[in-house]
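Below is one structure, written out as structure tokens; the observations come after it.
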Amino acid sequence: MNLAKDLAREAIAKTIHAYSIAGDKRDAAAFATLWAEDALFEFAGFGPLPGFRRKGLAEIVAGTASWSPKPGADPSLASTSFIRHNLTTSEIELTGPDTARARTYFVVVTEAGPDHAGVYSDELVHSGERWLFSRRSITLDWRAPHSLFPALERPPGKEPHQANVDLMNAYAHALDTRDWDLFASLFTEDTSFAMREWGENAEPKDWSFEVAGRETLVAMIKGMWDGLSATHLFLSNYVVEPARDGLTAKASCYLRAHHVGNRERSHLFEESLGRFDFETVMEGGAWKIRRMEENIFIILGTADAFAAPPPA
């Protein structure tokens, strides 16, 4: 047992803890005492959040210019009454008499719940009776969709889950009412659409077709609908999985689509039962479909209902 090394590790842990306490209290003066004069403080970014690189104590201190311990005075705490950096697993390695490395996991919590989590990777130097950061690199592993630090610009209103459910419903409504402007607005310009049937024992077959591009998709669907007199699309069993950035998502829903033939084929119908799978993205303040897959499990009636009618 080496008392000097144990004391060094305790002093290093104290510096690591002091960083979190100073940040949570918005104590800029205490925060400034934790850094070597030529320290490097950096964050690689976590899309869509930009990173930063602050070299030297002056730049690091400048980054705390907006901090204030007074309630309501710090703009970064405008949406919460408190912030807590909770440190968990930590490994400290003495690399020399006056140098060390450390790696510490953290989870940040506000009154809204968990906000973000990641890892601090540190290099420290011994200075007098204290250990100071010579380098701290922040890596985020997760960020809540509505993280407060900093809050991303988002359109007002619906959460990603409800917004994606509404997007799927709008797709069905646009088809049944043949609102092609609305239909086109639901897709990104580079969207893709694919369809396939499933065989026995729930085995998917090869894709029957795949279409790329919004204009091509709209033209194809519109041409198919010209051969139908009416449609009724039922959706259910919605599942939405927003990505951690809150700007993309995967979604799915079950479908039951009834199609009635046109004119002399009005006695024919086709009904498809299956599942839609979506990849969606926030674009221009609205959720849009970037990729859509139609998986057909059961077909009733006849595909002849889709046949184009003869000229009037």
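In a DSSP loop and with at most 16 other Cβ atoms within 10 Å, the trypsin sites (Lys or Arg not before Pro) in region 227-312 are R244. Only one item in (i) 67, 46, 37; (ii) 76, 47, 38; (iii) 94, 44, 29 matches Cα extents along the principal axes in Å derived from the coordinates shown, and that item is (iii). Among the trypsin sites (Lys or Arg not before Pro) found in region 168-206, those both in a DSSP coil and sparsely packed, with 11 or fewer other Cβ atoms within 10 Å of their Cβ, are K205. Taken about its Cα centre, the chain carries a charge dipole of about 840 debye when Lys and Arg each add +1 at the Cβ and Asp and Glu each add -1 at the Cβ.
For K288, a cut-off of 20 angstrom between C-alpha atoms picks up these lysines, skipping any fewer than 8 places away in its own chain: K158, K222, K250.
Here K55 is the anchor, and the lysines within straight C-alpha reach of less than 24 Å, apart from those fewer than 8 places off in the same chain, are K14, K25. Straight-distance candidates among the aspartates and glutamates for linking to K70, with alpha-carbon spacing under 20 Å and chain neighbours fewer than 8 residues away dropped: D24, D27, E111.
The long axis of helix 214-225 is offset from the longest Cα principal axis of the chain by roughly 30 degrees.
What angle do you read, to the nearest 10 degrees and between 0 and 90, between the alpha-carbon axis of helix 3-25 and the longest principal axis of the chain? Approximately 60 degrees, to the nearest 10. From Cα pairs below 8 angstrom and at least 6 apart in sequence, can you work out the relative contact order of the chain, rounded to a whole percent? Reported relative contact order: 12 percent. Phi angles of region 123-133 translate, via the Karplus equation with coefficients 6.51, -1.76, 1.60 and θ = phi - 60°, into HN-Hα couplings of 10, 10, 10, 7, 9, x, 9, 10, 10, 10, 6 Hz per residue; Gly and Pro are given as x.
Given region 160-306, report the % of alpha carbon pairs whose separation exceeds 18 Å. Summing the P(r) tail past 18 Å for region 160-306 gives 58 percent.
Among A170, A202, A243, the largest mean-square fluctuation in a Gaussian network model of the chain, built with springs joining Cα atoms closer than 10 Å, belongs to A202. Multiplying the residue separation of W198 and S81 by 0.36 nm and removing their Cα-Cα distance gives an extension gain of 36.8 nm. Rounded, prolate or oblate: which fits region 2-121, taking a ≥ b ≥ c as square roots of the Cα gyration tensor eigenvalues, rounded meaning a/c under 1.5, else prolate when a/b beats b/c? Because a/c hits 1.5 or more and a/b exceeds b/c, region 2-121 counts as prolate.
All of the numbers you see were taken from the coordinates with simple rules; none came from a lab. In this text the structure is predicted, and so the values were computed from the model without any measurement. Because the Cβ atoms are built from the backbone with ideal geometry, glycine has one as well, and the counts that use them run over all protein chains shown.
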